[in-house]
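Here the structure is laid out as C-alpha cells; the discussion comes afterwards.
The values are calculated or read from the model by the stated rules, or taken from the named source; none is laboratory data. Predicted, not measured: the structure shown is a model, and the values here were computed from it. Cβ sites come from the backbone with ideal geometry, for glycine too, and all protein chains shown count toward neighbours. These area figures cover heavy atoms from the full protein model, side chains too; ligands, DNA and RNA do not enter into them. Shrake-Rupley method; radii C 1.70, N 1.55, O 1.52, S 1.80 Å.
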Amino acid sequence: MKAAKVSNRTVLTLIVALYLIVGVTYSLATPVLEASDEFKHYPYVQYVQTHRALPVLDPTTCLETPSECPWLQDGGQPPTYYVLLAAATSWIDTSDLPDLRRVNWHAFIGDPGQICNKNLIIHRPEQERFPWDGAVLAVHLSRLITVVIGAGSVVLTYLAVREISPDRPALALGATALTAFNPMFIFVNASVNNDAMTTFFGCLNLVMFLHLVRDGVNAPLPVWRYVLVGVTMGFFLLTKLSALTALMLLPLLLAWISYRRRSWRPLAVGFTVIVAVAMLMSGWWFARNWRLYGDLTGLNVFIEIQGTRGGFPSLQDWIEEFVTFRWTYWGLFGGVNVMAPLWVYRFFDALSLVGLIGFGIWVVRSGELGRLLESIRRPGSPSRPSLWWVPLIWAGILFVSVLRWTWIFYSFQGRFMFPNIGGISALLMLGLHQWVPAKHHVKASGGIGLILFLIAAMLPFTSILPAYAQPDDLDLSDVPETARVEPVPIGRVARVVGWEFQEQTVEPGNADAYVNLVVYWQAAAPDEGDYVSFAHLLGRDHELAGEINRRPACGMVPTDLWQPDQVWRDPYRIPVAERAQAPSRLRVEVGLYDPKTEQTLGTVQIGEAKLAPPDSTPDIDQPLKVELADGITLQGYDLAPAEVSASESLTLTLHWQVRAAPSRDYQVFVHLLGDDPEPLAQGDGPPLTGDYPTSLWAAGERISDAHPMALPADLPAGNYRLLVGLYDLKTMERVPRLDGRGTSIEIPLTVTGG
C-alpha cells in the first residue's frame, strides 16, 4: 500500500513538473501583453503597484481616452490577484509601460480565420529581448507566479478527484493530466490574467465542498469547518465574480447534508457562518462598488465600457458561437484569434464526446444513479453514493452563467468553466475509463495524458510563435518579378511596388468567403504619421462589399517606424459582407488613410474577383426557355408594373441561365416597338449595369437582370412589343437563337391610357 502511495505521488510530481515546463514555454512563446486580455490585466497590476490604490472606472474616460484607462473594463475586477502581483513586482521600475503598451486597435480580435494582424500590441523586439527590465521584466515575473498558481490548481484537481473516488488513483491521475495538459488551461495560467487565480480558488473550494459533504453526512461538523469554507469563499469572491456560482451551489450542498442527517443545523448554521465569514472578508469590495457605481458588483460600469451585443442571440448565433466555446475550452490563444491546427480541435471534440457519453453510461451501469436516488428517497438509508454529482451540478450552474453573460456580450468561451476544471476533468476521465476494462485504466490514463502533453508541448511552436513572427523588411529586388508593377505613389509616404492577385470566385452567404491578395509596400518618405491601410471590395454600383482596415505590414510595423526604401510584404484576406449583392464583379482596391483626419492618401486598383450568383433564384412570372448561341438561355422574364401608361417607367427583369461560359462580353438590348420597325424607346446596356458582365458567367449559373425603361410621354395606348436579346458591342452583331427564329425574343406589352 505504501509503495502505491509513493508511486502515485511520483506520478503526480511528474505531471506537475511537466506542466511547469510547458507553462514556462507558453509564457516565453507569447509576446508581452499578448496573452488573453493581458494588455488590460497587467495595467491594473501596475496601477496598484505604483499608486498603492485600486483603479476607479470612469466610462467616459475609458471610452473616449482609453490611453488614460489602460485596464478598460477589467479595472472593475476584484483585487486579490492584482494586489498579489503588485506586491511581487513592487521593486521593479515599470514607468516604461505606456511606451511598451502601444495598442493595435485594428487587431483581428476574436477572428481566428484571418491571416496575420493577430497582435494586440505593436512590438519592438529590441524592447523585449532578454535580459529583461522595466515593465517587460514585471510581466514575465507575473507570468511565472501565475504559472505556479496553475500548478496549485493541478494538485487540487488530484485532491478533488480522490475525494470523488478515493479508491481509483488512476482516475485521479488521469483527470489531473487532463487539467495539467489542457492547452487553454496552460495558456491562461502562463499569462497575467485573474482567471488563473479564479481557477485555483475554484478548485480549492471544490475540494472544500467535497470534504464538507463527505464529513457532514457522516457526523456533525464543528463550526470551524464552516469558518474555513467561509475563508476560501471570501478569497474566491475577492478574485472574480465567478465565485457567485459557487455561492449558488453551497446552499444545495448544505441542504443535502441537512436532509441526510435530518437536521436543519448544517443548512441554517453552516450557510450563515460561511456567508458571514465570506462577507467579512469581501464585503468592503461590494460596499466600494455601491459607493462608486451604485451597483454592488460594479457590473453596470463594466458592461458600459465593454459594450453589449445589441440583441438577444438567435439560435444560429448559439450554434456558431458554440464552436468558440469548445475551442476556448481546449485552446484558442492570443486575443481569441490564434488557432491550433484543425485536427487538434477535432481530437478534443472526439475526446469530449466519448468522455461525455461514457460518463452517462457509467452513471447508469455503475449503480451510482440508483444509489443517489435511493439516498433521496430514504435519507436515513445506508446508501453512500460517491460525490460525482457535486462537480456536475456546479458545471451546470457555471454553464448557465456563461450563457447569461453571452446574452449580454460575445463571450461564449469555454475557459469560463475553468473554476470547475478539476471536477470537469474528473467526470470526463470517468467517462473515458468506461470504454476500457478496469485492468487497463492505468494505461488509459497514461496514454491520454501523454497525448495531451505532446499536443500541449507542440502548440507554442506550431501556433503561437508563428502568429507573432515579425515580418522581414525586404529590398525591392526581393519582390517576385511576377508581382512587380510600376511603382504607384500613395501620397508622399509610400509606394505600391507590386501585388500578388489571382482570379478567384467567392460564394454568397458563405461565412468563409474571402478575397485574398498580397501587396508590396515600399516606404518613400515616412513623415512619422501612423497611417492605416485598407483593402476594399467594391460591388454593385461601386458600393462597399467587403473591407479590411488595419496597419500595414501585417499590423506589426506602423508607418511611423518605416525607414526609406524598406519593402513590406503584406497579405490580406478580405471578407465579403453579408449585405453584398450577388452576383457581381468585385473591384479590389488598396491604399492608406490618416485615421486622425480620415483623409485617404492614395488608392490603387488591384484587380477584380467574382461574387457568384446565389444558389436560390426567384420565381419567374413568364417562363420562356429560349436558347441563344454561346451558351446562354433566356429562361423567362418579369414585367413590372403589370399595367403601364405613357410617361411612366417599367422594369423588365430577364432571367438568364448559363449552359456554357460565354466567350465574350455582350450587351443586352431592350427595344420598344409598335407597328413600325423603328424603336420607340430602348434600354440597351450590359447585364446588371456592367456589374456582372457575361465574361464572368459560368456554366450552371442563373442571373436575374433588371432593365428599367421610361416610356415616351406621347405614347398612345395600345399593344406593343419589347424585343430583347444580346449583341457584341465591338462588332454590333447580335447573338442568334438556336431555334433559327432570328436574333431577338419578342415580349408583348400593353400600354393603357393615362
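Please state, as a whole number in µm²/s, the translational diffusion coefficient that the Stokes-Einstein equation yields for the stretch 250-349 at 20 °C and 1.002 mPa s, with Rh defined as the Kirkwood radius across alpha carbon pairs.
On the way: Rh = 18.3 Å.
Taking Rh from Cα pairs, D becomes 117 µm²/s.
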Computed ³J(HN,Hα) along the stretch 345-352: with the Karplus parameters 6.51/-1.76/1.60, θ = phi - 60°, integer Hz and x for glycine or proline, the list is 5, 5, 4, 5, 4, 5, 4, 5
Once phi for every residue in the stretch 728-740 is put through the Karplus expression 6.51 cos²θ - 1.76 cosθ + 1.60 (θ = phi - 60°), the whole-Hz ³J(HN,Hα) values, with Gly and Pro written as x, are 8, 5, 6, 9, 6, 7, 7, 7, x, 6, 7, 8, x
With every protein chain in place, the accessible area of residue 214 for a 1.4 Å probe, in Å² rounded to the nearest 10, comes to 90 Å²
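Can you tell me the mean projection area, over all orientations, of the convex hull of the stretch 630-702's alpha carbons? Units nm², please.
Details: hull surface 23.2 nm².
Seen from a random direction, the Cα hull of the stretch 630-702 projects 5.8 nm² on average.
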Taking max minus min of the Cα coordinates of the stretch 523-562 on each principal axis, largest first, gives extents in Å of 37, 18, 12
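Report the per residue volume, in Å³, of the convex hull enclosing the C-alpha atoms of the stretch 130-288.
Details: hull volume 19.6 nm³, N = 159.
Spelled out: Cα convex hull of the stretch 130-288, divided by residues, is 123 Å³.
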P(r) of the stretch 487-527 over all Cα-Cα pairs, 5 Å bins starting at 0, rounded to whole percent, reads 6, 21, 17, 14, 12, 11, 12, 5, 1
Output for the chain (equivalent-ellipsoid semi-axes, sqrt of 5λ from the C-alpha gyration tensor, Å, descending) is 62, 34, 25
Both in Å, the radius of gyration and Dmax of the C-alpha trace of the stretch 364-452 are 16.7, 48
With N residues in the stretch 302-400, Rg(alpha-carbon) / (2.2 N^0.38 Å) equals 1.53
Protection proxy (average C-beta count within 10 Å per residue), highest first, orders 93-99, 200-206, 296-302 as 200-206, 296-302, 93-99
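Residues with beta-carbon under 13 Å from that of residue 438, excluding residue 438: net charge, scoring Lys, Arg +1 and Asp, Glu -1? Please report the intermediate quantities before stating the final value.
Values: positive: 168, 365, 439, 443; negative: 167.
Counting the neighbours of residue 438, the net charge comes to +3.
Can you tally the net charge around residue 205? Count Lys and Arg as +1, Asp and Glu as -1, for every other residue whose Cβ sits under 14 Å from the Cβ of residue 205.
Values: positive: 225, 240; negative: 163.
Counting the neighbours of residue 205, the net charge comes to +1.
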Computed over the chain: longest principal axis from alpha-carbon atoms vs helix 271-293 long axis, angle to nearest 10 degrees, is 40 degrees
For 477-485, 281-289, ranked highest to lowest by mean beta-carbon neighbours within 10 Å, the order is 281-289, 477-485
Sorted largest first, the C-alpha extents of the stretch 1-97 along its principal axes in whole angstrom are 63, 26, 26
Per the Cα gyration tensor, the stretch 610-651 corresponds to an equivalent ellipsoid with semi-axes, largest first in Å, of 25, 15, 11
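What number results when the radius of gyration of the stretch 440-484, computed over Cα atoms, is divided by 2.2 N^0.38 Å? Intermediate results must be reported in sequence, preceding the final value.
Numbers: Rg = 20.8 Å, N = 45, 2.2 N^0.38 = 9.3 Å.
So the stretch 440-484 has a normalised radius of gyration of 2.22.
If one computes P(r) from the Cα atoms of the stretch 541-634, what percent of pairs lie at distances over 18 Å? Let's see the in-between values first.
Numbers: 2815 of 4371 pairs.
In whole percent, the share of Cα-Cα pairs in the stretch 541-634 beyond 18 Å is 64.
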When every protein chain stays in place and a 1.4 Å probe is rolled, 542, 441 sorted by accessible area with the largest first are 542, 441
Lys and Arg at +1, Asp and Glu at -1: neighbours of residue 309 with Cβ under 15 Å from its Cβ sum to -3
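Classify the stretch 662-754 from the C-alpha gyration tensor, please: rounded if a/c falls under 1.5, else prolate or oblate depending on whether a/b exceeds b/c. Numbers along the way, then the final one.
Values: a/c = 2.21, a/b = 1.77, b/c = 1.25.
Prolate is the answer for the stretch 662-754, as a/c is 1.5 or above and a/b outweighs b/c.
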Square roots of five times the C-alpha gyration tensor eigenvalues of the stretch 434-576, ordered largest first and given in whole Å, equal 43, 22, 14
Most packed first (mean Cβ within 10 Å per residue), the peptides 224-234, 559-569 order as 224-234, 559-569
For the chain, the longest principal axis of the Cα atoms and the Cα long axis of helix 169-180 enclose an angle in degrees, to the nearest 10, of 50 degrees
Isolated cysteines for the chain, Cβ-Cβ cutoff 4.7 Å, are 203
With Rh as the Kirkwood radius over Cα pairs, the stretch 80-140 has Rg/Rh of 1.06
